[in-house]
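Below you'll find the structure, written out as structure tokens, and then a few comments.
The values are calculated or read from the model by the stated rules, or taken from the named source; none is laboratory data. Since the model is a prediction, treat every value here as computed from it, not as a measurement. A quick note on method: Cβ atoms are made from the backbone with ideal geometry, for glycine too, and the neighbour counts reach across all protein chains shown.
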Amino acid sequence: MAKGVKILERKFSDIEKQLSGFIAFVDTFVEDDKEVLSFKLSQFDRLNGKYESVKEEIFISLSDLEFNNFDGKITTCNEHIEKLEVRLKSLNYSKYSNETGSNAVSNVIKPCFILPELSLPQFNGDIETWFIFKQQFKDII
């Protein structure tokens with residue numbers, strides 16, 4: 001099983017290095033790199049898929065003791081991937097919002113509604129309180 005752990009460590013290390021490359025790209029991104037951005041987005045999607053398969057392999061094949069070595073690394077990678085996903089998508093959004101032309105505008109503009117918060121108590125499933133809950137719901141609407 002030690003060989004399996006070493007293989008998973010190498011795969012995971014490769015993913016961590018690629019994530020570092022994406023972080024460096026996002027940190028040093030300039031407007032002239034717009035053509036590269038769509039390529040990087042597709043690369044990131046492939047890396048994310050690779051990460052998910054390696055993570056699943058870790059969960060399935062390792063014992064609890066062996067898994068403890070990967071636990072912190074998985075948490076860190078999850079955080080990096082979430083942050084990178086948001087940053088890459090925001091860069092992609094700014095790429096389209098800075099372009100001119102009706103095609104770019106139609107890809108970006110989406111309706112955004114802000115709804116007020118409702119002060120409706122949570123229904124507990126009790127049939128006796130259903131009618132009170134229903135009436136409060138109708139009053140709010």
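So here's what we get for this one:
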| read-out | value |
| --- | --- |
| Residue under evaluation R46, criteria (1) at pLDDT below 90; (2) exposed (fewer than 14 other Cβ atoms within 10 Å of the Cβ), criterion not met | (1) |
| Top-ranked residue of the stretch 17-40 - restricted to ones that are surrounded by 15 or more Cβ atoms within 10 Å (Cβ to Cβ) and under 16 Å from the mean Cα position of the chain (by Cα), ranked as nearest to L91 (Cα to Cα) | V26 |
| Residue in the stretch 66-80 that is in contact (Cβ under 8 Å) with a residue 40 or more places away in the chain and closer than 17 Å to L91 by Cα present | yes |
| Residue within the stretch 19-34 that is at pLDDT 75 or above and charged (D, E, K, R) present | yes |
